[in-house]
Amino acid sequence: MIRDGIRRVFSLALRRRDRWERDVEDEIKLHLTLRAEQLAAQGFGPDDAYAEAVRRFGPLDESRARLIATARHRERNMARTEFLADLRQDVRFAVRTLRRQKAWTAVTIATLALGIGATTAVFSVVSPVLLHPLPYPHADRMVFVNQQPPSGNNTGIRVTISPSADVIRAWRANAHDFEELQPFSGSPMSMATTSGEPSTIQSTTVLPSFFRFAGARVLRGRPFTDGDIAEGGRVALLGEAFWRQRFAADSSVLGKRITLDDTAYTIIGVLPASLQAPRIRSTATDVWLPLDIRPQQHRTVGAAVIGRLRPGVSLVHATAELDSIYTRDPALGASVLHFTSTLTTPDRQVYFRDSLLILAAAVALVLLVACANVAHLLIARATTRQREMAIRAALGAGRGRQMRQLITETLLLAFAGTAAGVFVGWLGLRALVSMRPSSLDPIRVAHLDGTTLGIAVAVMLVSGVVFGLIGGRQSARASTHDALKAGATAVGGASRGRGRNILIVSEMALSAALLVMATLLIRSVINLQRADLGFRPEGLYSIDLRPLSGDLTSKPQATSLAHDYATRIAMLPGVQAVTYAGYGPGSRAFLIGTLEVEGETVPPANAAGFIDYSQVAPNYFRVMGIPMKAGTMFSDTSADSREVLINDGFARRQWGNASAIGHRIRLSQQDKWLTIVGVVGDTKTSGAQAIGNGPALYFPWSEPSDSASAPKLPTFIVRTATGAAIQALATRAARDVGLHRTPQVQSVAEMMRDTISGSRYIMLLLTIFASMAVVLAAVGLYGVMAYTVSQRTREIGIRIALGAPSARIARSVIVRGVVLALIGSALGLAGALWGTRLVQSSLYGVTRNDPWSLAAGVIVLALAAVLACVVPTRRALAVDPMTAIRAE
């Protein structure tokens, strides 16, 4: 059939070209004949007259080509004029037709608007966060380079280590698979202000070559140079937003000094706001500082690394090259532990990537349900327009002319639905951004971009053409003779009924898959909220002082200051207990290596991994509410203590039901053996989704005086019943001990709730999309059942006249709707068993094949089907037998 159509198109084109050529030949011959007759009348012979006429006419081939081109141009202008006239007529007729059916038109446009709006909103998030995460040249070849122990990541969260400066220099000097490798680091810094209270700003340190790598130029001043680093690196570049906000866009800011963490820096330039730090959708950088990785300055300091691969280089090959450089260099491979390289693309650096993919899949299903619903509405409308189309055909309208009219109507519907959908998507996007939890803060950059609008336009064009073809196909099936019969209600009803049933079953199947995924996430969030964290977060508050470097001058001072501050906090009203630890709730620290148990086989060096650890005060476990399973607390809390507490999960895995007390362990074949003096319960201080039974070591908190690191204070943890006043109390206590920094106070209970806020957010959105799909599917089922009842009016009237009970009539309507829903549910569950792999990584305490979630999807769809059949059932029961029979 398609070949025949193509053949007809070519034959028409060839026929038109032959006709032009014949007309031109006839015109040339007529002209030559008339001129020859004139010349003959002037005394020329017949042959001489014709030859003279040809000579005076000029080159025949050139004239013939010119005339054919003119004819073709004239024909094209006429065809264009006719097409535009027909298009105006089709548009006017389509508008009049759609206005006559306001309810049907409104439902169709609303259905498209919901599907396209949901897709637009979610894709507006996916596009900048996943598809275009870094605005750098050749971003498709960007990778982040990190390292990890040979055994990989066994922490339950994404953890890698930044390579050291030695490793970075070796990579930059020897890696040929990369065009460039750029180290960077970022951290908050304290900026001195005139008010005396330092403010926190975001800084990023980079090499001078980074700006060329990122394709950025300074707005004012100049960038860093290697000479700046050689002279000490005390220069800074301001971010444009920071420059405008703090310095009122003052162009004379160049040369001025700012104090960051008690160090003075000279401002040498301003960078544009479009320059983003090489962190995925991070907050804007306020100050850019030079990074010094020279061997004589920073031998052990590490930094994150971003690189641009050469064209055609694979991640596997580039990883192998970096590992080869690392192992070949004797200075790098001399340590006990060896690390492997990990290369990740920017989109995989987005920690909620899986959640965005779940939402993208969900809105794709919603869009499919909406399109199926619109297709069903068009089929129903085509059935009611059979008589109209038959009359148009009888009056001479060809099939192509009718098809063009139908496509014009569906394109108008698609345009209106897309316009409304973009508006709905814009509103939905604003809601998505405003509702986002702090854990999903990168969503703040979501916006309607050209890519998203382009996809919306593509959906409009494809849906308009496809829907028009669906309507035309239904009209083409109808017999003109049968459609013109008086009283005819439907033609070919069986095939159309099957088509409508298939669409409804498809909608139900897609809705079932969405319902199952939403139910799984709902149950996961419920399980997360009920999860046992291993401690009591209610009434706990963490206090982080983060003093300026000038506040502490020595390690003994830090230890003394910690005890003084804890003592003052404990004396404040409402404070029940206070403790401190190196890392408080919400954060984790890791040792890298292997744990060797005395008297047992030494584990291989390539089995190294991450091991949780923390330095804690003696009363830490009592204040936190962590149970002591066995043993006692530390008896030696000095810096040289060889005592350690371990968690119950590690003890059970290593010694089973036997006691772990008294055993000795050490890390990575070091000389220092640690004696286990106690076993405490497993905890999830970084959130319910963390792994709580992995190896965890607890040491007594102390500040060794011979450590090369800067002095620091621990995180203080307070249990109090007066949470509202804890900020003021913590600030006053800090002033009393001589610290001039406002403490950062956080509720541990809120902190734990925030760790699952992202899961709650995704669950809420997926539930909304699943509800939309169910509503659309129910509307489609209602349309099918209402149409079926209208077609069976005479049959129902006769059955009622013959005494059929109302219950049987109602059952025949409801059973058909429920059967369609159950068939769709069965197909949807089969698809859900495969599709739930998308949400598997987001589940907690429930499997992806959970029978209760599968059953919930079927039950909800069955209830929706029953509700959708209520109105058609009441309409069937209200049929008057005599009226129905007379109507036929």
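The values are calculated or read from the model by the stated rules, or taken from the named source; none is laboratory data. Keep in mind that this is a model prediction, so the values were computed, not measured. No Cβ is skipped: glycine too gets one built from the backbone with ideal geometry, and neighbour counts run over all protein chains shown. Note: accessible area is taken over every heavy atom of the protein model, side chains too, but ligands, DNA and RNA are not part of it. Shrake-Rupley method; radii C 1.70, N 1.55, O 1.52, S 1.80 Å.
For 403, 785, give me the order by solvent-accessible area with a 1.4 Å probe, most accessible first, ignoring ligands, DNA and RNA.
In descending accessible area the options line up as 403, 785.
If you count only protein heavy atoms and use a 1.4 Å probe, how large is the accessible surface of residue 82, to the nearest 10 Å²?
Solvent-accessible area, nearest 10 Å²: 110 Å².
How would you rank 811-822, 565-576, highest first, on the average number of other Cβ atoms within 10 Å across their residues?
Listed from highest to lowest mean packing, they are 811-822, 565-576.
Using a 1.4 angstrom probe and counting only protein chains, how large is the accessible area of residue 768 in Å², to 10?
Rounded to the nearest 10, the figure is 80 Å².
With a Förster radius of 35 Å, plug the Cβ-Cβ distance of residue 63 and residue 85 into 1/(1 + (r/R0)^6) and report the FRET value to the nearest 0.05.
Working from the Cβ atoms, E equals 0.60.
Let me make sure I get this right: for the stretch 771-845, a, b and c are the square roots of the gyration tensor eigenvalues over alpha carbons, sorted descending. Under 1.5 in a/c it's rounded, otherwise prolate if a/b > b/c, else oblate. Which is it?
prolate
May I ask for the net charge around residue 843, where only other residues with Cβ less than 15 Å from the Cβ of residue 843 are counted and Lys, Arg are +1 while Asp, Glu are -1?
In short, +3.
When ranked by the protection proxy of mean other Cβ atoms within 10 Å per residue, highest first, what sequence do the peptides 775-783, 659-667 form?
So the peptides 775-783, 659-667, ranked by packing, come out 775-783, 659-667.
Please get the size of the charge dipole for the stretch 185-279, origin at its Cα centre, with Cβ charges of +1 on Lys and Arg and -1 on Asp and Glu, quoted in debye to the nearest 20.
340
Roughly speaking, what is the centre-to-centre gap between the stretch 766-781 and the stretch 246-280 when only Cα atoms are used, to the nearest Å?
Taking the Cα centre of the stretch 246-280 as reference, the centre of the stretch 766-781 is 51 Å away.
Counting Lys and Arg as +1 and Asp and Glu as -1, what is the net charge of the other residues whose Cβ lies under 14 Å from the Cβ of residue 807?
+4
With every protein chain present, what accessible area does residue 457 have (1.4 Å probe, heavy atoms only), rounded to the nearest 10 Å²?
Its heavy atoms expose roughly 70 Å² to the probe.
Given a 1.4 angstrom probe, I'd like the percentage of the accessible area of the stretch 43-159 that is carbon and sulfur, rounded to a whole number.
58
Could you tell me how far the Cα centroid of the stretch 818-852 sits from the Cα centroid of the stretch 163-225, in Å?
What the calculation gives is 47 Å, centre to centre.
Using the Cα centre of the stretch 71-222 as the reference point, and only Cβ charges (+1 on K/R, -1 on D/E), how large is the resulting charge dipole? Debye, rounded to the nearest 20.
For the stretch 71-222, the charge dipole is close to 1040 debye.
Set Lys and Arg Cβ to +1 and Asp and Glu Cβ to -1, take the dipole of the stretch 610-665 about its Cα centre, and tell me which of 644, 661, 618 lies farthest positive.
Highest projection toward the positive end goes to 661.
Just the number please: accessible area per residue for the stretch 740-840, 1.4 Å probe, all protein chains included, in Å².
Here the residues of the stretch 740-840 average 44 Å² of exposed surface.
Around residue 233, under 11 Å between beta carbons, what's the net of Lys plus Arg minus Asp minus Glu among the other residues?
-2
Based on alpha-carbon centroids, what's the gap between the stretch 113-129 and the stretch 607-646 in Å, whole number please?
49
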